[in-house]
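These notes concern the structure reproduced below.
The values are calculated or read from the model by the stated rules, or taken from the named source; none is laboratory data. These figures come from a predicted structure and were not determined experimentally. Cβ sites come from the backbone with ideal geometry, for glycine too, and all protein chains shown count toward neighbours.
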Amino acid sequence: DSGVTQTPKHLITATGQRVTLRCSPRSGDLSVYWYQQSLDQGLQFLIQYYNGEERAKGNILERFSAQQFPDLHSELNLSSLELGDSALYFCASSVGLLAGEGEQFFGPGTRLTVL
Amino acid sequence: DAKTTQPTSMDCAEGRAANLPCNHSTISGNEYVYWYRQIHSQGPQYIIHGLKNNETNEMASLIITEDRKSSTLILPHATLRDTAVYYCIAHYFTGANSKLTFGKGITLSVRP
């Protein structure tokens, strides 16, 4: 158990819909990352927040957005869903940002299926 | 991030040491080498990281060559539960860039 929790575990929805994935980082971790893993693309970084502020963006679509709240939990919002958005979405957290603090703790993931 | 190259797959017998190689010939002086593993669609799990010196923890050992162009992750006594995809990542964390870039990794199969 990494200490990172993600809800829901599974999500099945239809094209065009909007969903919200939730992540609670490990106690004390200020940095939250979102990753997407699909069969053809592998694990891809989407976005990172540090203490409530966006710090880095990866290949995140404009239909996707995220935020980190004052209690440090984070939400990933996916809208206008397409079949290709079906994937595993992982949240990870780490203590901070300094070199050497590279240990990221991953949650169990949310499996999104878009029908 | 420096590019890393790993074999696609390897196997080893249960109870034996598993030595997983990684090439990172373009690694820069301040980039760390990180190893993560992913067991069948679970969240990736941090294993170990190092800069120059060899490192050991309760899970594994990391041997980095003197020129830092390659490294080897050693699982001293592999078990069936070590069957997973192992990712080698070379990265320097800065305030603006702390994301990990995962490649395809190496699939380790531990056989009984």
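Of all residues in region B:92-107, at least one satisfies being surrounded by fewer than 19 Cβ atoms within 10 Å (Cβ to Cβ), part of a strand (DSSP E or B) and touching a strand residue (DSSP E or B) at 6+ places or on another chain (Cβ under 6 Å).
Among the conditions (1) within 17 Å of B:Thr101 (Cβ to Cβ); (2) more than 16 Å from the chain's Cα centre (by Cα); (3) assigned to a strand (DSSP E or B), the only one that A:Ile12 does not satisfy is (1).
When residues in region B:1-22 are screened for being touching a Ser or Thr at 6+ places or on another chain (Cβ under 6 Å), under 27 Å from B:Lys99 (Cβ atoms) and modelled with pLDDT of 95 or more, 3 of them pass.
Does A:Arg18 qualify as being out of contact with any Asp or Glu (no Cβ under 6 Å at 6 or more places or on another chain) and within 14 Å of chain B (Cβ to nearest Cβ)? Explain how you work it out, then say what you get.
Values: out of contact with any Asp or Glu (no Cβ under 6 Å at 6 or more places or on another chain): yes; within 14 Å of chain B (Cβ to nearest Cβ): no.
No.
So which residues in region A:30-60 are farther than 19 Å from A:Gly107 by Cα and part of a strand (DSSP E or B), if there are any at all? Result: A:Glu53, A:Glu54, A:Arg55, A:Ala56, A:Lys57. Against the conditions (1) within 26 Å of A:Leu88 (Cα to Cα); (2) more than 14 Å from chain A (Cβ to nearest Cβ); (3) assigned to a strand (DSSP E or B), B:Ile63 satisfies every one except (1). Give me the residue from region B:1-27 that is touching a strand residue (DSSP E or B) at 6+ places or on another chain (Cβ under 6 Å) and of a type in the set (D, E, K, R) and, out of that set, surrounded by the fewest Cβ atoms within 10 Å (Cβ to Cβ). If we take residues in region B:1-27 being touching a strand residue (DSSP E or B) at 6+ places or on another chain (Cβ under 6 Å) and of a type in the set (D, E, K, R), then B:Asp11 is surrounded by the fewest Cβ atoms within 10 Å (Cβ to Cβ). Residue check: B:Glu66 meets all listed conditions (1) surrounded by fewer than 16 Cβ atoms within 10 Å (Cβ to Cβ); (2) under 28 Å from A:Ala87 (Cα atoms) but one, namely (2).
Only residues that are more than 10 Å from chain B (Cβ to nearest Cβ), surrounded by fewer than 19 Cβ atoms within 10 Å (Cβ to Cβ) and modelled with pLDDT of 95 or more were counted across region A:85-115, and they come to 3.
Close Cβ contacts (under 6 Å, 6 or more residues apart or on different chains) running from residues in region B:31-51 that are at the interface with another protein chain (Cβ under 7 Å from one of its Cβ atoms) to residues that are hydroxyl-bearing (Ser, Thr, Tyr) comprise B:Pro44/B:Tyr36; B:Tyr46/B:Tyr36; B:His49/B:Tyr32; B:His49/B:Tyr34. Cβ-Cβ distances below 8 Å connect the following pairs, each with a first residue in region A:13-33 that is under 16 Å from A:Glu53 (Cα atoms) and in contact (Cβ under 8 Å) with a residue 40 or more places away in the chain, a second residue that is assigned to a loop (DSSP other than H, G, I, E, B) and charged (D, E, K, R), and a separation of six or more residues or different chains: A:Tyr33/B:Lys99.
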